[in-house]
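Enquirer: Here's a structure for you.
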Amino acid sequence: MNHNPSRVAHELREHLASDKRNLGFLMGAGTSMAIGLPGIERLSELVEQSLPSDEYKKYFNQIKSEISAESPNAELVLNRIRLVRELLNDDKANSHNGITGENIKNLDLEVCRAIHKAVEATKIENTAPHEMFSQWLHSSYARRNTPVEIFTTNYDLMFEKAMEKTSVPYFDGFIGSVNPFFSPESVEADSDKKHPEFNPPRAWTRLWKLHGSVNWVLKPDSTGENKKVTRGFGENECSGQELMIFPSREKYLESRKLPFIAFQDRLRNFLSIGEAVLFILGYSFLDEHINEIIFQALRSNSRLAVDALVFGEKNNGSFTLPDNIARFAKDYRNLSVYGPDRAVIGGVSGEWENETSGPNIDSYWENNALSLVDFKSFSRYLERFVGFGSKAFEISSVDNISTGEK
């Protein structure tokens, strides 16, 4: 059986337009890579290259060699660093294979500084995709019964910058203006809570950063004895601090763990309660923790629909939907996955029919492939096919598929 791309484009538009269902997005690394930010493999190379001394590079590679994964990336190395750091308790009298607690603490700070530098130093010339997405949010948030919730594994600030540029009000879990602090009560608040004073305004978009952010820092509180998560501002303030990115997957300090656990719980609650639609873009289902939350919700909530636009993997010069992701959609009928070459919808797998004409076809179909899987094309689809009444951020032509995703 073949699937018709035009029909799918219309059906997805209906999912986006429904103001009665909870609407959310899970944005993976592919949405940042689409505009030129480094993916995890390239980021890992940049981090190692920019460590300030041979000593730090030696420690980095030593920790890297202890990881069983075939190609350890910066996230896995940082998780291992933080596990060792917890064991050594930042004490220079304690050591692990010749690395002292003080060494591992400094290595943690230097790796975070290198990640911050790599992300912030990347020159982005085309921010239109994020701005077009934000413009669509701006046009739709006032009429919705529930806020749009964006869950992202990205630690860059592209969504924040785009929403502020397009005047989209949003809440990211932090409150304050001098030293914004993390407020778990407001993250957990729902419209039916007994204490509505904790509720952010209903019309505000929610932005939940599942892997942290380059502007989250861990700072001592007023007593100097405990640390709390705050949101920084400029590069000088953040880059030398203990950044809250790539959370450890092992048991960790409560102050570190709190934002990540709170946001994972928010994702779990969003998917498990009521009628909801989740769009997934730029995510390759490589994070088992997030996968399990999604799959558990697909099993338990029959009113949940998940639409995953998957960029795919390169195969003989073209991009194809990976078999493992296709199998997920066959196992869960309320999960539909759309790749450039084929789709699995309602458990039925099929290639795309070749579309040759139709209104705004260039916003979802190009070179005999579904271009919606690219975030650049998806943002154009929102502007051209779904519509939000503004040409301010129109892209003159859809770029060829040329990015990847994590």
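Enquirer: Could you check how many residues of region 143-193 are part of a strand (DSSP E or B), farther than 22 Å from Val277 by Cβ and among the β-branched types (Val, Ile, Thr)? Let's see the steps before the verdict.
Expert: Keep residues of region 143-193 that are part of a strand (DSSP E or B), which gives 149-152, 170-171, 174-175, 181-182.
So of that shortlist, the ones also farther than 22 Å from Val277 by Cβ come out as 174-175, 181-182.
Right, trim to among the β-branched types (Val, Ile, Thr) and you get 175.
Of the residues in region 143-193, 1 are part of a strand (DSSP E or B), farther than 22 Å from Val277 by Cβ and among the β-branched types (Val, Ile, Thr).
Enquirer: Checking the structure you have, find out if any residue of region 35-47 is under 26 Å from the mean Cα position of the chain (by Cα) and acidic (Asp, Glu).
Expert: Of region 35-47, the ones under 26 Å from the mean Cα position of the chain (by Cα) are 35-47.
Checking the rest, the ones that are also acidic (Asp, Glu) come to 41, 45.
Yes, because at least one residue in region 35-47 is under 26 Å from the mean Cα position of the chain (by Cα) and acidic (Asp, Glu).
Enquirer: So, one more: Can you tell me which residue in region 1-47 is surrounded by the most Cβ atoms within 10 Å (Cβ to Cβ), limited to those that are under 25 Å from Phe270 (Cβ atoms) and among the charged types (D, E, K, R)?
Expert: By that ranking, first place goes to Arg21.
Enquirer: Taking the condition of being without any contact (Cβ under 8 Å) to a residue 24 or more places away in the chain, under 22 Å from Leu370 (Cα atoms) and surrounded by fewer than 16 Cβ atoms within 10 Å (Cβ to Cβ), how many residues in region 324-338 meet it?
Expert: Step one: list which residues in region 324-338 are without any contact (Cβ under 8 Å) to a residue 24 or more places away in the chain, which gives 326-327, 329-331, 333.
Now restrict to residues that are under 22 Å from Leu370 (Cα atoms): 326-327, 329-330, 333.
Those left that are additionally surrounded by fewer than 16 Cβ atoms within 10 Å (Cβ to Cβ): 327, 330, 333.
So the count comes out to 3.
Enquirer: Does any residue of region 39-52 turn out to be at pLDDT 90 or above, touching a strand residue (DSSP E or B) at 6+ places or on another chain (Cβ under 8 Å) and not aliphatic (A, V, I, L, M)?
Expert: no
Enquirer: Among the residues of region 258-287, write down those that are part of a helix (DSSP H, G or I) and either modelled with pLDDT of 90 or more or of a type in the set (Ser, Thr, Tyr) (or both). First the steps, then the outcome.
Expert: Kept after step one, since they are part of a helix (DSSP H, G or I), are these residues of region 258-287: 258-272.
Across region 258-287, the qualifying residues are Phe263, Gln264, Asp265, Arg266, Leu267, Arg268, Asn269, Phe270, Leu271, Ser272.
Enquirer: Give the number of residues within region 288-323 that are surrounded by 21 or more Cβ atoms within 10 Å (Cβ to Cβ) and part of a loop (DSSP other than H, G, I, E, B).
Expert: The qualifying residues number 4.
Enquirer: Does region 111-125 contain at least one residue that is in contact (Cβ under 8 Å) with a residue 24 or more places away in the chain, polar (S, T, N, Q) and either closer than 16 Å to Leu207 by Cα or outside any helix (DSSP H, G or I) (or both)?
Expert: yes
Enquirer: Any residue in region 340-361 that is at pLDDT 95 or above and within 28 Å of Ile124 (Cβ to Cβ)?
Expert: Scanning region 340-361, I find at least one residue that is at pLDDT 95 or above and within 28 Å of Ile124 (Cβ to Cβ), so the answer is yes.
Enquirer: So how many residues does region 79-101 have that are of a type in the set (Ser, Thr, Tyr) and without any contact (Cβ under 8 Å) to a residue 12 or more places away in the chain? Walk me through it before giving the result.
Expert: So the first thing to find is which residues in region 79-101 are of a type in the set (Ser, Thr, Tyr), and the list is 95, 100.
From what's left, without any contact (Cβ under 8 Å) to a residue 12 or more places away in the chain: 95.
Residues in region 79-101 being of a type in the set (Ser, Thr, Tyr) and without any contact (Cβ under 8 Å) to a residue 12 or more places away in the chain: 1 in total.
Enquirer: State which residue is modelled with the lowest pLDDT when the search covers only region 173-188 and only residues that are within 22 Å of the chain's Cα centre (by Cα) and over 14 Å from Gly232 (Cα atoms).
Expert: First, pick out the residues of region 173-188 that are within 22 Å of the chain's Cα centre (by Cα): 173-175, 180-184, 186-188.
Still in the running and over 14 Å from Gly232 (Cα atoms): 183-184, 186-188.
Numbers: Ser183: 87, Pro184: 85, Ser186: 84, Val187: 87, Glu188: 81.
Checked region 173-188; the qualifying residue modelled with the lowest pLDDT is Glu188.
Enquirer: Given the conditions (1) of a type outside the set (D, E, K, R); (2) buried (at least 21 other Cβ atoms within 10 Å of the Cβ); (3) at pLDDT 70 or above; (4) in contact with a helix residue (DSSP H, G or I) (Cβ under 6 Å, 6 or more places away or on another chain), report the number of the one that Pro247 does not fulfil.
Expert: (3)
The values are calculated or read from the model by the stated rules, or taken from the named source; none is laboratory data. Quick caveat: nothing in here was measured; it's all calculated off a predicted structure. Counting neighbours? That spans all protein chains shown, and the Cβs are built from the backbone with ideal geometry, glycine included.
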